[in-house]
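Quick notes on the structure that follows.
Values quoted throughout were computed directly from the atomic coordinates according to the rules given, and no laboratory measurement underlies them. Computed from a predicted model, the values in this text were never measured in an experiment. As a convention, Cβ positions derive from the backbone with ideal geometry for all residues, glycine included, and neighbour counts pool all protein chains shown.
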Amino acid sequence: LKINLYYYSTTGNTKLVCEKLRKEIPGLEIYDILDRNLNLNDECDIYGFAVSTYYLNLPPVFIEFINSLKVITNKPAFFLITYGMMPGKSVRKLADYLKNKGFSIIDYHLLRMPESYPVFIAKKRTDINAPGQKEMMNFMNFISGLKEKAKQIESGNIPDSKLIKPGLLNSIIPSQTYKKIMKQFGTLNVNTNLCNHCKICFNSCPYGAIEFKNEPVFNMGKCTGCYICYNKCPNAAVYTNILESKWQYSGPSKKLEEKFI
Ligand SMILES: Cc1cc2nc3c(=O)[nH]c(=O)nc-3n(C[C@H](O)[C@H](O)[C@H](O)COP(=O)(O)O)c2cc1C
Ligand code: SF4
Ligand code: SF4
């Protein structure tokens, strides 16, 4: 059985979870949606999608990816969303995008992870111990369920599609507009005394919002406020007019990685 899991991960949380799925589920391979060599015509038996929550929604680059897929009628698919505090509309939106592409959603899971949103890290609204024991148990149950459904599919029985239940609070919370997101994000700057010209920021911006002229030059018209350049800068040289540079999330800690061994 061939299972293709497509993921988008800004700081490594979602990737870590996907790697666990690869270890546990035979036939499952993972693909970074930003990989230039990604072959979208690679057909498989089950499709998987994994992404982190982005301002109570999905990251624009992930929506673009889903939109670029061709319509596939009744192919079984599952999805996984990681989040820090509240997934908001991300669950409903992803389910709707996939259904519109003709996928039949056989399962999905939400996993709370440490917060990668620097504004909340600055406000200490993060749980570095997430996911807790019970959340890990639920995640492992999700994996067992997926394995079971993969076996069913292998023997020719397509499982029923799963009812999507985003939860009341996630359903009623209003979406944020791009304008509102950018207002709370502010304007990017670089501390030239700290910048070592490594270009990591330039190479990791998925929105083409950085030009490089010895140091990064930010195009705020293209920026989506994803904080990738901010989080990934090895010298904490990137800051905004609203947030100083010291609240980076530099990716999964050893302790977090150990939970997914
Ligand atoms: C710009 C930005 C916006 C975010 N918005 C939300 C959000 O609305 N709700 C939430 O629960 N987590 C939010 N997060 C936290 C991430 O979804 C979470 O930490 C996730 O596990 C990060 O995974 P990744 O490293 O694979 O991208 C946000 C993080 C960033 C950087
Ligand atoms: S990642 Fe940081 S240190 Fe590297 S070029 Fe960008 S701003 Fe400079
Ligand atoms: S400039 Fe930075 S914050 Fe803006 S989109 Fe690019 S990586 Fe994200």
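List of remarks:
- Ratio of the Cα radius of gyration of the range 1-56 to 2.2 N^0.38 Å, where N counts its residues: 1.12
- Dimensions of the range 35-134 based on its C-alpha atoms, expressed as ranges along the principal axes with the largest first, amount to 44, 30, 23 Å.
- Close amide H pairs (under 5 Å, H built 1.01 Å from N) link Tyr6 with Tyr31, Gly48, Phe49, Ala50, residues at least 5 positions away or on another chain.
- Per-residue ³J(HN,Hα) for the range 191-205, Karplus 6.51 cos²θ - 1.76 cosθ + 1.60, θ = phi - 60°, Hz, x for Gly and Pro: 7, 5, 6, 9, 5, 9, 6, 6, 6, 4, 4, 4, 6, 9, 6
- Backbone amide hydrogens, once placed in the peptide plane, bring Asp127 within less than 5 Å of Glu115, excluding anything fewer than 5 places away on its chain.
- Helix 90-100 vs. the chain, principal-axis angle (Cα, 0 to 90°, nearest 10): 50
- The 3J(HN,Hα) values that the Karplus relation (6.51, -1.76, 1.60; θ = phi - 60°) gives for the range 148-157 are, in residue order, 4, 5, 4, 4, 4, 5, 4, 8, x, 9 Hz. Gly and Pro appear as x.
- Which of Gly156, Leu169, Ala50, positive extreme of dipole for the chain (C-beta unit charges): Leu169
- Near Arg92, once Lys and Arg are set to +1 and Asp and Glu to -1 for all other residues with Cβ below 13 Å from its Cβ, the sum equals +3.
- Directionally averaged projected area (convex hull, Cα atoms, the chain), nm²: 14.1
- Longest to shortest principal axis, alpha-carbon extents of the range 156-261, angstrom: 58, 38, 28
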